[in-house]
Amino acid sequence: MTTCLSTTTMLPFLCFLLFSFLWSASAHTHEDFLQCLSLYSEDSNSFSKLVYTPNNSSYLHVLQGSIQNSRFNTTATPKPPVIVTPMNVSHIQATIFCSQKHGMNVRIRSGGHDYEGLSYVSVLPFVIIDLINLRAINVDVENSTAWVQAGATLGELYYSIAEKSGTLAFPAGACPTVGAGGHLSGGGYGGLMRKYGLAADNIIDAQLIDAKGRILDRASMGEDLFWAIRGGGGNTFGVVVAWKLKLVPVPHTVTFFSVLRSLEENATKLIHRWQYVANKLPEDLFITAYITKINSSQEGISTIQAEFPSLFLGGADRLLPLMQENFPELGLVKDDCTEMSWVEFVLYNSGYSSNSSLDVLLNRTPQYITNFKAKSDYVKKPMPEIAFEGIWKRFLKVGIETPRLVLVPYGGKMDQISESSIPFAHRAGNLYKIQYLLLWNEQGKEASMRHIAWIRRLYSYTAPYVSKNPREAYINYRDLDVGMNNIQGNTSYKQASIWGRKYFKNNFDRLIQVKTAVDPDNFFRNEQSIPPLSS
């Protein structure tokens, strides 16, 4: 269970004991499962090379290769008896059939960036379907579309688009090693969000394998299921193998700027003002606020730094008058601006220099591997300066390594799309989204407990200033603190609603109905999957 390192002092040990017992009890089960795979698959000889158990020398490399959060990569973390890395849909069909026949839970992994490890951790005997080999991308410039398999990364997608066109893009996230499957199905976003909406808003077809092993596209799955997988967590309804995307136009030249201000340089007032401005700017302009703790010029003293990284779909000559009219307090000047192509912005925004080779986007190894815990909120009314000052006080607490706050502006296209168009319901009325992020390198249980307790206290502190009834959260920033299913038994609608309302609001009822229709036996499940009504 992925809360093993984030609840009480005893829970990691108890989880380990429980898993050890279940592993022992299921030894014959997963042996039977492997035998089933060899019998059921049409190409058993080649398929066997795509199946990994702890007896394989490459097992740990395959398991750990895409894990970003070190909290879920310890000796105490429950590990799968089997990892399957399918090359085609028949391998997935065989895995689904044999998992059902032999009582193996299934986790589906496309990139491994899940914040709570839900794609590769379970206390029940389980198999990982790792889609790393299913990452073909076909870009159709003439029709401004692309088919992308779920195991491809965003970096691979951006690379493929840039190879074919300098004026087409896709509105997804900044991190190039994130897997397309989870990002798309959870409503991923990026710098084009205010212009074109979410990644999930720009999906026009999909290929899914359901609990019966059927291969479905949009026409055969029906509009209810197609609606659900675009932002409802696609792998709670089946295995999404590929997505058809609508690509969007971007100009030859975009402009990037990033202004840095410390507390001593009026950062608090700038952040406070940003709340009134960022969601009302023209939709071609996207300005985030990124806050972290840094060392000040005085030795041994820490301070707070606010960064305003931004994307403008146009040249600097158009941008500067817009900024002077709407956000003069930031003091933007031409020397702060860098003009580049959209794909150069992707590189720059990913931490590379804008003149780096595009080949770096093909690197699947996570750029940063550390311990972290994240939470999220939505803000509907500007927070007062005193609220931010209370956050800074907590950021500067001794013994906490790297706290970060990311404020993501809404408005623009996000205000124009209905809350019910896809399951992602956080639309008009939101000024911005908060991501609370805490990273630490210190090892050990005590360090994890201390840091997780800190971010929970920060989350409690901000409660008066954010959305209420429900206190909303963003599904792609998974947070098991907001509620969990009981995957070892039946999960009630009431139990799942605790977290479901936070992620989906009123759309949760429709998601339940879809789940009941397509997976009544709840084969695809994890600690925050949609349950059927029968559970």
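Summary table below
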| quantity | calculated |
| --- | --- |
| Within the accessible area of the chain (1.4 Å probe), percent carbon and sulfur | 51 |
| Rg and Dmax [Cα atoms of the range 365-475; Å; Rg one decimal, Dmax integer] | 15.7, 47 |
| Distance (nanometres) between label positions extended 7 Å along Cα→Cβ at ALA387 and GLU223 | 3.8 |
| Per residue value of the accessible surface for the chain (all protein chains in place, 1.4 Å probe), Å² | 39 |
| Mean residue ellipticity (222 nm) of the chain, computed from DSSP H runs ≥ 4 via -39,500 (n - 2.57), nearest 500 | -9000 deg cm²/dmol |
| Segment ASN506-LEU60, extension gain: residue separation times 0.36 nm, minus the distance between their alpha carbons | 156.4 nm |
| Directionally averaged shadow of the range 154-202, computed from the convex hull of its alpha-carbon atoms, nm² | 3.1 |
| At R0 = 25 Å, FRET efficiency that the Cβ-Cβ distance of LYS494 and ASN469 yields, to 0.05 | 0.90 |
| 13 Å cut-off, amide nitrogen to a point 7 angstrom out along ASN266 Cα→Cβ, residues in the range 295-329 | 327-329 |
| Straight-distance crosslink candidates among aspartates and glutamates, where the alpha carbon sits under 16 Å from LYS413 and sequence neighbours closer than 8 are dropped | ASP201, GLU283, ASP284 |
| Within-12-Å neighbourhood charge of SER296 [Cβ basis; K, R +1; D, E -1] | -2 |
| Stretch gain in nm, segment ASN143-GLU299, where the contour uses 0.36 nm per residue and the Cα spacing is subtracted | 50.4 nm |
| Whole-number D in µm²/s for the range 195-278 (Stokes-Einstein; Kirkwood sum over Cα pairs; 25 °C, 0.890 mPa s) | 149 |
| Volume per residue that the Cα convex hull of the range 186-242 spans, once the total is divided by residue count, Å³ | 72 |
| Estimated D of the range 303-402 in µm² per second, where Rh is the Kirkwood radius over Cα pairs and Stokes-Einstein applies at 20 °C, 1.002 mPa s | 122 |
| Built amide H within the under 5 Å cut-off of THR370, gap 5+ | SER70 |
| Rounded to the nearest 20 debye, dipole of the chain from Cβ charges on Lys, Arg, Asp, Glu | 1400 |
| Per-residue SASA entry for HIS272, accessible area with 1.4 Å probe, Å² rounded to 10 | 40 |
| The range 231-338 - Rg and Dmax from Cα coordinates, angstrom | 18.3, 55 |
| Rounded Å value of the spacing that divides the Cα centres of the range 197-266 and the range 88-128 | 21 |
| Average Cα contact separation per residue, the range 406-453, under 8 Å, 6 or more apart, as relative contact order % | 38 |
| Degrees, to the nearest 10: 267-277 long Cα axis against longest axis of the chain | 80 |
| Contour minus Cα-Cα distance for GLN100 and GLU419 (0.36 nm per residue) | 111.3 nm |
| In Å, descending, principal axis extents of the Cα set of the chain | 68, 56, 43 |
| The range 369-513 - percent relative contact order, Cα under 8 Å, separation 6 or more | 34 |
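The values are calculated or read from the model by the stated rules, or taken from the named source; none is laboratory data. Quantities reported herein were computed from a predicted structural model and do not represent experimental measurements. Every residue, glycine among them, receives a Cβ derived from its backbone with ideal geometry; neighbour counts consider all protein chains shown. Only protein heavy atoms, including side chains, enter the accessible area calculation; ligands, DNA and RNA are left aside. Shrake-Rupley method; radii C 1.70, N 1.55, O 1.52, S 1.80 Å.
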